[in-house]
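Asker: Right, I'll just put the structure down here and ask away after.
The values are calculated or read from the model by the stated rules, or taken from the named source; none is laboratory data. Because the structure is a prediction, the values reported are computed rather than measured. Here Cβ is always computed from backbone atoms with ideal geometry, including for glycine, and neighbour counts include all displayed protein chains.
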């Protein structure tokens, strides 16, 4: 599975880097569905946030490393991991925002 990693660039700004997370643990459930999983990803804490449609925040630095999974209408959306909180800033939106 490919995700986009936001990381510090050498000029102090931010850059996008594509990262491949191996999904190599394959099993079949009781209903015959094939399930693919990655290895366990370590985390210190977890938080769930609900944002309104069209939510927008201007560029800002992240307060901590984050793994962001966007869900809309029960369909998975983009997946991004914010690695370096020292980079200048990032922007985020949900739904119809830019």
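Asker: Is at least one residue of region 44-66 modelled with pLDDT of 85 or more, part of a loop (DSSP other than H, G, I, E, B), over 13 Å from residue 6 (Cβ atoms) and touching a strand residue (DSSP E or B) at 6+ places or on another chain (Cβ under 9 Å)?
Answerer: So far as region 44-66 goes, no, none of its residues is modelled with pLDDT of 85 or more, part of a loop (DSSP other than H, G, I, E, B), over 13 Å from residue 6 (Cβ atoms) and touching a strand residue (DSSP E or B) at 6+ places or on another chain (Cβ under 9 Å).
Asker: Do you know which residues across region 6-42 are modelled with pLDDT under 85 and closer than 15 Å to residue 66 by Cβ?
Answerer: Those that are modelled with pLDDT under 85 and closer than 15 Å to residue 66 by Cβ: 6, 7, 8, 14.
Asker: Please go through region 39-68 and pick out each residue that is surrounded by fewer than 10 Cβ atoms within 10 Å (Cβ to Cβ), within 26 Å of residue 23 (Cβ to Cβ) and free of Cβ contacts under 8 Å to residues at least 24 places away in the same chain.
Answerer: 40, 42, 44, 45, 46, 47, 48, 49, 64 - these are the residues of region 39-68 that are surrounded by fewer than 10 Cβ atoms within 10 Å (Cβ to Cβ), within 26 Å of residue 23 (Cβ to Cβ) and free of Cβ contacts under 8 Å to residues at least 24 places away in the same chain.
Asker: Is there a residue in region 67-78 that is modelled with pLDDT under 70 and under 15 Å from residue 5 (Cβ atoms)?
Answerer: yes
Asker: Name every residue in region 16-29 that is free of Cβ contacts under 8 Å to residues at least 24 places away in the same chain and part of a strand (DSSP E or B), in order of residue number. If you could, list the steps in order and put the result at the bottom.
Answerer: To start, the set of residues in region 16-29 that are free of Cβ contacts under 8 Å to residues at least 24 places away in the same chain comprises 16-18, 20-29.
Residues satisfying the conditions are 16, 17, 18, 20, 25, 26, 27, 28.
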